[in-house]
Amino acid sequence: AKALGKARYHVFNPEMHHEATQLLELENDLRRAVERQEFIVYYQPIISLVTGKISGLEALVRWQHPNHGLISPTEFIPVAEETGLIHAINIWVLRSACEQLTIWQNHNSTLKSLTISVNLSVRLFSHPKLLAQIDQIIQETKINPACLEIEITESVIMENSQALKKILEQLRERKIKLVMDDFGTGYSSLSYLYSFPFNVLKIDQSFVKRMHENEESMGLVPAVLGIAKSMGMSAIAEGVETTFQLAQLKNLNCNFAQGYLFSRPLQPELVLDFITNSPQW
Ligand code: C2E
Ligand code: CA
Ligand code: CA
Ligand code: CA
């Protein structure tokens, strides 16, 4: 599957052995999907470990393929990045998420500080119109920029670092929060990361998985939380699936947590219900 890179288009006909053909079909499909807006955003709750209540939601895109059903972003985002289609898709996700947050906040006045987190591919940051597009979305959706969080994966931050740093600073001037995603999976040096204006560090789920139930070991999570603290950043643990992990993260004073223990990513119609009925964790 070398020609396909990271994206394996599993849902396609397995008899279609010719990978180049398959990739071309995926590209064509994706292009059409952008035109027809075949995407849907799911929302996964993020829980404050101080209040035990929801503090925000992460927007996670899916592709509603007319023949193949719901397709995971891990299958089409890499191809979207290679073909440049990622820009249109990601701006659409950002707009949808901001519109949706405004709808929820207008519906319920106690949700004024609810945040929305959107993953932006680092490729978007080399587009000269990105800031103007973000400004336009903020204006049109009337979202409070302080409620918007942008997640960028650590492993790709090294690319084009000076230009990226400048845009990140401009986002910070707008009070948008910056989340370093998948922390610990990349190779950036700590002193280098320190020079970027991130507010939040998201601990990759592989570290959370290694907090084993019957072993003493907390693995690297305490060390990563120490790094966040020393950098003046708050921390989110992702991939939390067990009450054991939750208890340990609370003990370690981790600020936020996210994972199947609390909720899977939800269709937008289910979010207000979750907010009303979820327990205090
Ligand atoms: P990510 O940003 O690291 O998102 C976390 C992924 O872990 C999500 O997968 C989420 O559904 C999954 N997850 C959450 N809690 C748990 C848990 O407790 N256990 C396990 N095993 N998994 C959990 P998803 O939705 O398939 O997204 C995969 C990746 O696709 C994301 O990883 C992100 O890098 C990318 N992605 C998703 N939406 C967008 C988007 O709008 N734009 C861009 N550029 N990338 C996106
Ligand atoms: Ca993320
Ligand atoms: Ca992540
Ligand atoms: Ca990830």
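The values are calculated or read from the model by the stated rules, or taken from the named source; none is laboratory data. Keep in mind it's a predicted model, so treat the numbers as computed, not measured. Methodologically, a virtual Cβ is constructed for each residue, glycine included, from the backbone with ideal geometry; neighbour enumeration extends over all protein chains shown. Only protein heavy atoms, including side chains, enter the accessible area calculation; ligands, DNA and RNA are left aside. Shrake-Rupley method; radii C 1.70, N 1.55, O 1.52, S 1.80 Å.
Would you calculate a helix-derived [θ] at 222 nm for the chain, using -39,500 (n - 2.57) for each DSSP H run of n ≥ 4 and dividing by the full residue count, to the nearest 500?
Roughly -12000 deg cm²/dmol at 222 nm, from the helical runs in the chain.
Search the structure for amide H atoms under 5 Å from the amide H of residue 151, placed 1.01 Å from N in the peptide plane, and list their residues when 5 or more places away or on another chain.
118, 119, 120, 179
Check which residues have an amide H placed less than 5 Å from residue 115's amide H, if you skip close sequence neighbours.
56, 57
What is the Cα centroid distance between region 230-245 and region 24-58, reported in whole angstrom?
21 Å
Roughly how many Å² is the accessible area per residue of the chain, as a whole number, for a 1.4 Å probe?
On a per-residue basis, the chain sits at 49 Å².
To the nearest 0.05, how large is the calculated FRET efficiency for residue 253 and residue 21 if R₀ is 51 Å and r is the Cβ-Cβ distance? Let's see the in-between values first.
Working: r = 53 Å, r/R0 = 1.03.
After rounding to 0.05, the efficiency reads 0.45.
Relative to the present Cα-Cα distance, how much length would full extension add between residue 276 and residue 142 at 0.36 nm per residue of separation?
Once the chain is fully extended between residue 276 and residue 142, it gains 45.8 nm.
Going by a ≥ b ≥ c, the root eigenvalues of the Cα gyration tensor, does region 167-281 fall in the rounded group (a/c under 1.5), the prolate group (a/b larger than b/c) or the oblate group?
Details: a/c = 2.20, a/b = 1.16, b/c = 1.89.
Judged from the Cα gyration tensor, region 167-281 comes out oblate (a/c at least 1.5, b/c at or above a/b).
Could you give each residue of region 144-151 its phi-based ³J(HN,Hα) in whole Hz, using Karplus coefficients 6.51, -1.76, 1.60 with θ = phi - 60°, and x for Gly or Pro?
Along region 144-151, the couplings run 6, x, 5, 8, 9, 10, 10, 9 Hz.
Pull up the DSSP beta bridges for region 37-129 and report the antiparallel fraction as a percent, rounded to 5.
Of all bridge pairs located within region 37-129, approximately 75 percent are antiparallel.
Regarding region 75-184, what's the average projected area of the Cα-atom convex hull, expressed in nm²? Intermediate results must be reported in sequence, preceding the final value.
Details: hull surface 29.2 nm².
Over all viewing directions, region 75-184 projects a mean Cα-hull area of 7.3 nm².
Run the accessible area of region 103-172 with a 1.4 Å probe and give the carbon-and-sulfur part as a rounded percent.
Within region 103-172, the accessible surface is 49 percent carbon and sulfur.
Compute the length gained on full extension between residue 231 and residue 28: take 0.36 nm times their separation in residues and subtract their Cα-Cα distance, giving the result in nm to one decimal.
Values: separation 203, 0.36 × 203 = 73.08 nm, distance 4.41 nm.
Computed gain between residue 231 and residue 28 is 68.7 nm.
For residue 92, what accessible surface area do you get with a 1.4 Å probe? Give it in Å², rounded to 10.
Near enough 60 Å² of accessible area.
Report P(r) for the chain: all Cα-Cα distances, bin width 5 Å, range 0 to the bin holding the largest distance, values in whole percent.
Final binned percentages: 1, 5, 12, 15, 17, 17, 15, 10, 5, 2, 0.
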